[in-house]
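The values are calculated or read from the model by the stated rules, or taken from the named source; none is laboratory data. The shown structure was predicted, so the numbers you read here are calculated from the model rather than taken from an experiment. In case anyone asks, the SASA skips ligands and DNA or RNA and just uses the protein heavy atoms, side chains included. Shrake-Rupley method; radii C 1.70, N 1.55, O 1.52, S 1.80 Å.
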Amino acid sequence: YRDVGLTRREADALLDDVRSPIEHRIAAAMALRSLDGEEGPTRIRVAAEGCASPEMRAALERAGDGTLDEATIERAVAAVERGRGWT
């Protein structure tokens with residue numbers, strides 16, 4: 001189970017899936033940045049721009065530029081719990 005990986009295609013799909021838990025989408029953004037350091041950040045930024053929730057948008061943007069921190073994740077998760085973070 002420790003060798004399970006995420007392909008670029010899977011990371012792209014998860015990043016775009018508004019029904020996925022926010023933690024999964026953030027993890028997909030982090031994986032995508034790692035998998036494709038050249039185009040990944042741009043792809044993540046585009047996905048972030050489509051988010052209605054400012055907290056979720058910030059979390060994805062920070063995941064894309066490598067500055068994501070625990071406080072940003074917590075704010076995004078709290079937004080989801082309040083019903084504001086899915087898209």
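I need the phi-derived Karplus couplings for the stretch 12-25: 6.51 cos²θ - 1.76 cosθ + 1.60, θ = phi - 60°, integer Hz, Gly and Pro marked x.
Result, rounded to whole Hz: 4, 5, 5, 4, 8, 7, 5, 8, 6, x, 4, 4, 5, 5.
Given an 8 Å cut-off on Cα distances and at least 6 residues of separation, report the relative contact order of the chain as a percent. Mind dumping the intermediate values first?
Numbers: 110 pairs, mean separation 23.9, N = 87.
Relative CO of the chain lands at 27 percent.
For the chain, what does the accessible surface come to per residue with a 1.4 Å probe? Please give it in Å². Mind showing how you got there, number by number?
Details: 5330 Å² over 87 residues.
In whole numbers, the chain has 61 Å² accessible per residue.
In the set [x] -0.52, -0.96, -1.22, -1.27; [y] -0.38, -0.75, -1.12, -1.31; [z] -0.35, -0.67, -0.98, -1.14, which value of log10 I(q)/I(0) by the Debye sum over Cα atoms at q = 0.13, 0.18, 0.22, 0.24 Å⁻¹ was calculated from the structure you see?
[z]
Can you send over the carbon and sulfur percentage of the accessible area for the chain, probe radius 1.4 Å, protein chains only?
That fraction is 50 percent.
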